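Here the structure is laid out as structure tokens; the discussion comes afterwards.
No value in this document is a laboratory result; all are computed from the given coordinates. For clarity, every value in this text was computed on a predicted model and none was experimentally measured. A quick note on method: Cβ atoms are made from the backbone with ideal geometry, for glycine too, and the neighbour counts reach across all protein chains shown.
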Amino acid sequence: MAELVKLKLVAFTGPQAATPQQLRRNKLIGRLREQIALAEAVRDGTVYAATRKRVVTDAAGVRSTVTAPKRVKHWWNKDAAGKVLLTVRYGSRLLELGGKGKNAVEVADIKQLVPTLKIICDAVLAGELDAEIAAASAGLKAGFKR
């Protein structure tokens, strides 16, 4: 008991549940990180292969977890002038970044995609896009109602 006196004892508080807003931010941050990895692969001339875990059942009925490739579509396109237009998606919805009708970021070339995506990632972490994410989430949820 003399040893416990040396320690700083406090009351335990369990982990706090994440708010829906934080869950939506985390979902978008995960997708932005995939886009950053994809943009780095395009910039470096390599192949980005995302994977996910899947549960499969064989002919004998045994279930096992396997790693399967995951399709990641890039969020950017080149326009006729050679500029790269980057969009940010939440699910299948485009987020409006700077106001009504402004849903793309113009980037000079592919090399500038990664820094631009990192800036957007920082903005999401700071909560600057919470209203846009909530609107996109509500629109997606409305599509699932019968």
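Hydropathy at least 1.6 by Kyte-Doolittle, axial extent at least 24 angstrom from the Cα trace: which helices of the chain, defined as entire DSSP H runs, fit?
none
Name the most mobile residue of Gly30, Gly82, Gly61, meaning the one with the largest mean-square fluctuation, in a Gaussian network model of the chain with Cα contacts below 10 Å.
Gly61
Diagonalise the Cα gyration tensor of the range 1-79 and give the resulting equivalent ellipsoid semi-axes, square root of 5 times each eigenvalue, largest first, whole Å.
After diagonalising the Cα gyration tensor, the semi-axes are 40, 25, 15 Å.
Return the subset of Lys70/Lys145; Lys27/Lys141; Lys27/Lys53; Lys70/Lys111; Lys78/Lys102; Lys78/Lys141 for which the Cα-Cα distance in this structure is over 20 Å, preserving the input order.
Pairs exceeding 20 Å: Lys70/Lys145; Lys70/Lys111; Lys78/Lys141.
Give the residue list of trypsin sites (Lys or Arg not before Pro) in the range 18-75 that are DSSP loop and have at most 13 other beta-carbon atoms within 10 angstrom.
The qualifying sites are Arg71, Lys73.
Set Lys and Arg Cβ to +1 and Asp and Glu Cβ to -1, take the dipole of the chain about its Cα centre, and tell me which of Cys121, Asn26, Val56 lies farthest positive.
Val56
Among the chymotrypsin sites (Phe, Trp or Tyr not before Pro) in the range 52-146, which ones are in a DSSP loop with at most 16 other Cβ atoms within 10 Å of the Cβ? Mind listing them?
Those satisfying the criteria are Phe144.
Over the range 19-142, calculate the relative contact order: mean separation of alpha carbon pairs under 8 Å at least 6 apart, over the residue count, as a percent.
26 percent
With P(r) over Cα pairs in 10 Å bins from 0, in percent defined as stated, name the option among [x] 13, 45, 33, 8, 0; [y] 9, 28, 27, 17, 11, 6, 1, 0; [z] 11, 44, 39, 6 computed from the structure displayed.
Entry [y].
Which value in deg cm²/dmol, rounded to the nearest 500, describes the helix-derived mean residue ellipticity at 222 nm for the chain, given -39,500 (n - 2.57) per DSSP H run of n ≥ 4 and division by the residue count?
-12000 deg cm²/dmol
In µm²/s, what is D for the range 75-146 at 4 °C and 1.567 mPa s, where D = kT/(6 pi eta Rh) by Stokes-Einstein and Rh is the Kirkwood radius from Cα pairs?
Answer, rounded: 98 µm²/s.
Name the residue, out of Asp130, Asp122, Asp79, whose mean-square fluctuation peaks in a Gaussian network model built on the chain with Cα pairs under 10 Å.
Taking springs between Cα atoms under 10 Å, the residue moving most is Asp79.
Could you list the GluC sites (Glu not before Pro) in the range 83-146 that lie in coil according to DSSP, counting only those with at most 15 other Cβ atoms within 10 Å of their Cβ?
Glu128
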